[in-house]
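Trainee: Okay, here's the structure, questions in a sec.
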Amino acid sequence: MAILVLGGAGYIGSHAVYELIEAGRDVVVADNLLTGFREAVHPKARFYNIDIRNRSEVDALFEKEQIEGVIHFAACSQVGESMTHPLKYYDNNLSGTTVLLQSMVAHGVDKIVFSSTAATYGEPEQVPIRESDKTEPTNCYGETKLAMEKMMKWTGRAHELRYVALRYFNACGAHSSGAIGEAHDPETHLIPLILQVPNGQRAKISIFGDDYPTKDGTCVRDYIHVMDLAQAHVLALDYLMRGGESDVFNLGNGVGFTVKEVIDVARKVTGHEIPAEICPRRAGDPAQLVASSEKAKTVLGWKPQYADLETIVASAWNWHKSHPHGFEK
Ligand code: UFG
């Protein structure tokens, strides 16, 4: 029996595939390669170039492969783009998940782990954020991910299906082997954009707003290494295999860093001055997102290995300086 990883050619998905293969699993990857890269797919995984919105393609895959569990990463994930193109997010994230769940139910596949996000919370009332806190997304991306969680919940009540939703905070870093890492086109995330400056691809980094109610006025985020996220997917799947109930878990380090602090750490890691410029706020950004991940640690046995921000930025820098243009298409 195999594990199906949808979106396994993307940033977090490709790292999870490496982790699954290391854990001895048989892995099938499905990805439409719109934002993912064929080169990011582990050579031992069987690859299908399909789109999850296409029911007949998804059905054909379930008929060909013996799938015992699904890990679902196949979604659009840019906060800014979700504010300007909301219907793209409803189409890809919600229509895609509807088709996937229909096909899973039809083929008796009853376990799914999927990418949710800290963006489901919106502006938190308190930090660290717990899974039971209120969810009022401030952007369309978070809204579609919250709707995906609810779609799983109601599907699980009506059919034999259990799920784990993993609410990631800010994913960053790269695989320790140097084989895979973060590559988005266009890039919108803070750490890779900062590293474009010492890589000679950008003159300076823009700081989106310095008038937030935080210690230095810039946004606070909880940065979590992609390999720690990957480990959590394997644990979540094991949890469902042991008969665990459907549940939602935060994944973060529980420590917040401001945008200015991240830039300072990157200056230290790269030895480059990295000029920065204050710009207007970006639409949809909450001031502070910091996780309480106690539940994932207690219930799943999750143990993040790369909690230190300098280690995380050094891991990202190791990837970006050796792959300044990411994967070649
Ligand atoms: N930022 C800048 N300058 C930049 C890019 C980003 O100041 O050039 C700031 C952003 O405004 C934000 C912080 O850096 O305050 C982090 O921004 P990212 O785009 O790296 O990450 P986000 O926090 O917006 O979003 C990420 C994921 C989402 C997820 C969210 C949950 O991309 O998928 O974390 O916290 F929903």
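Trainee: May I ask you to list the residues of region 98-121 whose amide nitrogen lies under 17 Å from a point 7 Å from Cα along the Cα→beta-carbon direction of Ser56?
Mentor: 99-100, 103
Trainee: Return the equivalent ellipsoid semi-axes of region 280-329 as a descending list in whole Å, where each equals the square root of 5 times an eigenvalue of the C-alpha gyration tensor.
Mentor: 27, 21, 12
Trainee: If you don't mind, another one. R0 = 30 Å: FRET efficiency of Glu22 with Asp216, Cβ-based, nearest 0.05? All intermediate terms of the calculation are to be shown ahead of the outcome.
Mentor: Details: r = 39 Å, r/R0 = 1.31.
Using R0 = 30 Å, I get an efficiency of 0.15.
Trainee: By how many degrees, 0 to 90 and rounded to 10, does the Cα axis of helix 140-158 deviate from the longest principal axis of the chain?
Mentor: Between the helix axis and the principal axis of the chain, the angle is about 20 degrees.
Trainee: How would you rank Val259, Val248, going from fewest to most other Cβ atoms within 10 Å of each one's own Cβ?
Mentor: Working: Val259 25, Val248 19.
Listed from fewest to most nearby Cβ atoms, that is Val248, Val259.
Trainee: Next question, about the same structure. Compare the peptides 218-229, 286-297, 270-281 by average per-residue count of other Cβ atoms within 10 angstrom and give them in order, highest first.
Mentor: Values: 218-229: 24.4, 286-297: 20.8, 270-281: 13.1.
Answer by packing, highest mean first, reads 218-229, 286-297, 270-281.
Trainee: Another question about this same structure. Evaluate region 155-206: find the radius of gyration of its Cα atoms, find its Kirkwood radius, and give the ratio Rg to Rh.
Mentor: Rg/Rh: 1.23.
Trainee: In whole Å and largest first, what semi-axes does the C-alpha gyration tensor of the chain yield when each eigenvalue is scaled by 5 and square-rooted?
Mentor: 31, 22, 18
Trainee: Let me ask something else about it. So if I place +1 on the C-beta of Lys and Arg and -1 on the C-beta of Asp and Glu, and nothing else carries charge, what would the dipole magnitude of region 195-329 be about its Cα centre? I want it in debye, nearest 20.
Mentor: In total the dipole reaches around 260 debye.
Trainee: Moving on. If you place +1 on the Cβ of every Lys and Arg, -1 on the Cβ of every Asp and Glu, and leave all else neutral, what size is the dipole of region 119-225 about its Cα centre, to the nearest 20 Debye?
Mentor: Roughly 300 debye, rounded to the nearest 20.
Trainee: Regarding region 1-131, what are the three Cα extents along the principal axes, ordered largest first, in Å?
Mentor: Extents along the principal axes, in whole Å: 45, 31, 29.
Trainee: Now for a different question. Set the bar at 29 Å for Cα to Cα. Now go through Lys44/Lys150; Lys134/Lys215; Lys268/Lys303; Lys88/Lys303 and name every pair that lies beyond it.
Mentor: The answer is Lys44/Lys150; Lys88/Lys303.
Trainee: Please get the size of the charge dipole for the chain, origin at its Cα centre, with Cβ charges of +1 on Lys and Arg and -1 on Asp and Glu, quoted in debye to the nearest 20.
Mentor: Result for the chain is approximately 140 debye, rounded to the nearest 20.
Trainee: Where does the chain land at 222 nm, in deg cm²/dmol rounded to the nearest 500, when only DSSP H runs of n ≥ 4 count, each adding -39500 (n - 2.57), divided by all residues? List each step's numbers first, then the result.
Mentor: On the way: 10 runs with 110 residues, N = 329.
Here the helix-only value at 222 nm equals -10000 deg cm²/dmol.
Trainee: Under 25 °C and 0.890 mPa s, how fast does region 194-302 diffuse according to Stokes-Einstein, given a Kirkwood radius computed over C-alpha pairs? Answer in µm²/s, whole number.
Mentor: Diffusion coefficient, whole number: 152 µm²/s.
Trainee: Under the 0.36 nm per residue contour assumption, what length would be gained going from the current alpha-carbon distance of Thr188 and Glu63 to full extension?
Mentor: Additional length available on full extension: 41.2 nm.
Trainee: Applying 1/(1 + (r/R0)^6) with R0 = 25 Å to the Cβ-Cβ distance of Leu34 and Ser176, what FRET efficiency is obtained, to the nearest 0.05?
Mentor: 0.35
Trainee: Against the longest principal axis of the chain, how steep is helix 259-270, in degrees 0 to 90 to the nearest 10, with axes from Cα atoms?
Mentor: Between the helix axis and the principal axis of the chain, the angle is about 80 degrees.
Every number here is computed from the coordinates shown, using simple stated rules; none is lab data. All figures in this text were calculated on a predicted structure; none of them were measured in a lab. We place every Cβ from the backbone using ideal geometry, glycine too, and count neighbours over all the protein chains shown.
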